[in-house]
Amino acid sequence: MLSVVRLCALGAAAYNSREDRGRRPRECASGNGGCVLSSQSSNSAEPIHYRSTNRRAPRATLDAALLQGQAVDRGLYLPERYPALEPAELAELRGRPYHEVALAVLRRYTVGVFDDATLAAMCRDAYDFDVPLERVAGRRYLMRLDRGPTASFKDFAARMMARWMGRLMRDQAGELTILTATSGDTGSAVACAYHGVAGVRVVVLFPPDEVSDRQRRQMTTIGGNVAAIGIDGKFDDCQAMVKRAFADPELGGIRLTSANSINIGRLLPQSVYYVYAYVNLADVAAGQRIVFCVPSGNFGDMMGGVIAGRMGLPIERIVIATNANDEVPRFLETGQYAPIVPSRVCISNAMNVGHPSNLARLVDVYGGAMDETGRIHEPPDLDAMRRDLYAVSISDEQTRATIRAAHERYGVVLEPHGAVGWAGLERYWNEEVGGGDEPLAVCLETAHPAKFPEEVRAATGVEPEVPPSLGGLERKPESYDRLPADYDAFRAWLRAHIG
Ligand SMILES: *Cc1c(COP(=O)(O)O)cnc(C)c1O
């Protein structure tokens with residue numbers, strides 16, 4: 001049994017009809033009257049429910065899905081339907097501040113849980129930083145998602161989810177404990193976002209040998225309701241200990257949940273920046289199509305794009321760029337899925353994932369079924385996936401060469417994750433666009449170059465400027481516990497410190 005909270009009446013199991021799954025975003029975006037998605041009213045006040053990809057758990061309201069993290073059948077939550085973004089509304093969002101775009105997108109998913117005024121205040125508060133859209137060459141742009149307080153794109157989702165959960169916990173007795181295993185960026189984004197949120201504690205497990213100095217300090221200098229534990233092992237050990245804790249009946253008295261991208265709260269806010277880029281760069285009235293390129297590891301970021309597409313954003317293609325952990329590009333090519341165990345160590349370390357949890361969601365959206373172990377129970381529509389997605393794997397050597405070339409040719413400074421994305425976009429350009437009309441394309445840069453100063457310096461000679469958010473970490477006192485990679489020791493720690 002998962003020790004999770006159940007908030008709403010999880011009564012009769014209700015499964016969504018699957019008629020609207022496996023539809024391609026372009027069908028919906030064309031304004032085709034027969035399209036299920038675009039025929040839905042955009043300001044429908046009907047709450048959206050969330051269903052599990054494993055299809056054996058009852059559907060849930062957003063508040064329950066947020067606080068549970070994973071469904072009781074170990075599946076992942078997805079919205080039962082995707083409300084439409086009408087072209088007229090998209091046109092109105094052009095030039096609006098990011099937090100207003102966030103409100104316009106997210107309010108459809110929070111109906112019945114947060115009213116518009118509450119959500120608007122949360123959006124203003126969470127998104128108080130820039131989202132630069134830089135033209136690199138021709139119609140190719142870079143969207144920098146690195147201006148949040150921990151300098152990775154994970155701030156976008158962590159900050160919204162923290163506000164959602166904090167608000168829900170205000171009306172609840174007791175305390176919720178978020179357990180998170182991190183190889184770097186998730187831990188710091190989550191710890192920073194939840195710092196000071198009443199009713200919520202955060203426990204971050206990290207492998208001290210696998211995170212950078214700066215990443216560790218981002219987790220260990222916060223204090224308060226945030227505890228960091230250095231585990232003498234690898235990231236995989238941290239992950240395994242967290243998973244065991246969720247399934248441990250002896251911890252039944254402690255309300256545990258997850259802030260990893262298995263939580264639907266991490267996914268929904270990640271659809272907003274796709275909309276933001278589109279309305280500000282595309283000819284909305286003409287229904288211009290756009291290509292997005294997403295450097296990917298656990299595929300939560302990219303699922304945000306898939307959700308935006310289901311809402312009617314005219315996405316031509318999503319280019320998925322992975323590092324040498326190429327299980328998803330291989331899957332799209334062959335239809336066979338094999339996790340990579342252990343995952344391959346690459347310089348784009350936040351993407352060293354050999355079995356992405358969000359793949360089950362992607363398979364589900366395309367009409368298939370994959371369980372949490374990666375077993376496919378029903379194949380997805382691979383042809384439709386291949387039309388919508390273009391997947392490439394980029395080696396470390398290519399990543400370094402891309403950091404160098406982008407700087408030489410365009411004067412753009414990339415860090416390893418964004419460079420994997422840019423290399424993926426270039427490959428797509430060469431192989432699919434050729435001499436044809438250049439589409440509008442946006443590559444996501446997911447971290448600040450100052451998080452990876454050695455790689456950036458080696459490839460470009462440039463010393464990346466440290467943003468204020470990362471400055472001063474050396475002067476703050478660090479505090480964290482150390483534990484062996486042993487589950488019993490971790491359980492004893494939890495018992496002593498929580499509950
Ligand atoms: C987490 C992370 C990624 C991968 O995002 P997913 O949602 O796991 O695909 C890419 N780049 C950076 C910098 C990250 O921190």
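Tabulated data
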quantity: Residues (of a type outside the set (A, V, I, L, M) and open to solvent by 30 Å² or more (accessible area, probe 1.4 Å)) located in segment 104-128; calculated: Arg107, Gly112, Asp115, Asp116, Arg124, Asp125, Asp128
quantity: Every pair of residues 6+ apart whose Cβ atoms lie under 8 Å, when the first sits in segment 412-424 and is closer than 15 Å to Ile318 by Cβ while the second is of a type in the set (D, E, K, R) and outside any loop (DSSP other than H, G, I, E, B); calculated: Gly421/Glu445
quantity: When residues of segment 442-458 are limited to those that are surrounded by fewer than 24 Cβ atoms within 10 Å (Cβ to Cβ) and of a type in the set (Gly, Ala, Ser), the one nearest to Arg404 (Cα to Cα); calculated: Ala458
quantity: Glu378 open to solvent by less than 20 Å² (accessible area, probe 1.4 Å) and without any contact (Cβ under 8 Å) to a residue 40 or more places away in the chain; calculated: no
quantity: Criterion: of a type in the set (Ser, Thr, Tyr), touching a Pro at 6+ places or on another chain (Cβ under 6 Å) and open to solvent by 10 Å² or more (accessible area, probe 1.4 Å) - qualifying residue of Ser395, Ser469; calculated: Ser469
quantity: Odd one out for Leu179, checked against (1) within 18 Å of Val211 (Cβ to Cβ); (2) within 16 Å of the ligand (Cβ to nearest atom); (3) in contact (Cβ under 8 Å) with a residue 40 or more places away in the chain; calculated: (2)
quantity: Top-ranked residue in segment 324-334 [being open to solvent by less than 10 Å² (accessible area, probe 1.4 Å) and either β-branched (Val, Ile, Thr) or in contact with a Pro (Cβ under 8 Å, 6 or more places away or on another chain) (or both); ranked as farthest from the ligand (Cβ to nearest atom)]; calculated: Glu327
quantity: Selection from segment 83-130 of residues that are closer than 15 Å to Pro269 by Cβ and assigned to a loop (DSSP other than H, G, I, E, B); calculated: Val113, Phe114, Tyr127, Asp128, Phe129
quantity: Hits in segment 291-301 - residues which are more than 6 Å from the ligand (Cβ to nearest atom) and either surrounded by 24 or more Cβ atoms within 10 Å (Cβ to Cβ) or in a helix (DSSP H, G or I) (or both); calculated: Phe292, Cys293, Val294
quantity: Check on Gly305, in contact with a helix residue (DSSP H, G or I) (Cβ under 6 Å, 6 or more places away or on another chain), in contact (Cβ under 8 Å) with a residue 40 or more places away in the chain, under 26 Å from Tyr77 (Cα atoms) and not in a loop (DSSP other than H, G, I, E, B); calculated: no
quantity: Residue that is within 14 Å of the ligand (Cβ to nearest atom), surrounded by fewer than 24 Cβ atoms within 10 Å (Cβ to Cβ) and closer than 25 Å to Pro416 by Cα, where the choices are Arg147, Arg217, Arg139, Arg135; calculated: Arg147
quantity: Enumeration of residues in segment 335-360 that are farther than 13 Å from Asn325 by Cα, within 15 Å of the ligand (Cβ to nearest atom) and touching a helix residue (DSSP H, G or I) at 6+ places or on another chain (Cβ under 7 Å); calculated: Asn358, Leu359
quantity: Residues (open to solvent by less than 10 Å² (accessible area, probe 1.4 Å) and away from the ligand (no atom under 12 Å from the Cβ)) located in segment 270-290; calculated: Ser271, Val272, Tyr273, Tyr274, Val275, Ala277, Tyr278, Val279, Ala282, Ile290
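The values are calculated or read from the model by the stated rules, or taken from the named source; none is laboratory data. Everything numeric here is computed off the predicted structure, so don't read it as measured data. A quick note on method: Cβ atoms are made from the backbone with ideal geometry, for glycine too, and the neighbour counts reach across all protein chains shown. Accessible surface areas use protein heavy atoms only, side chains included; no ligands, DNA or RNA. Shrake-Rupley method; radii C 1.70, N 1.55, O 1.52, S 1.80 Å.
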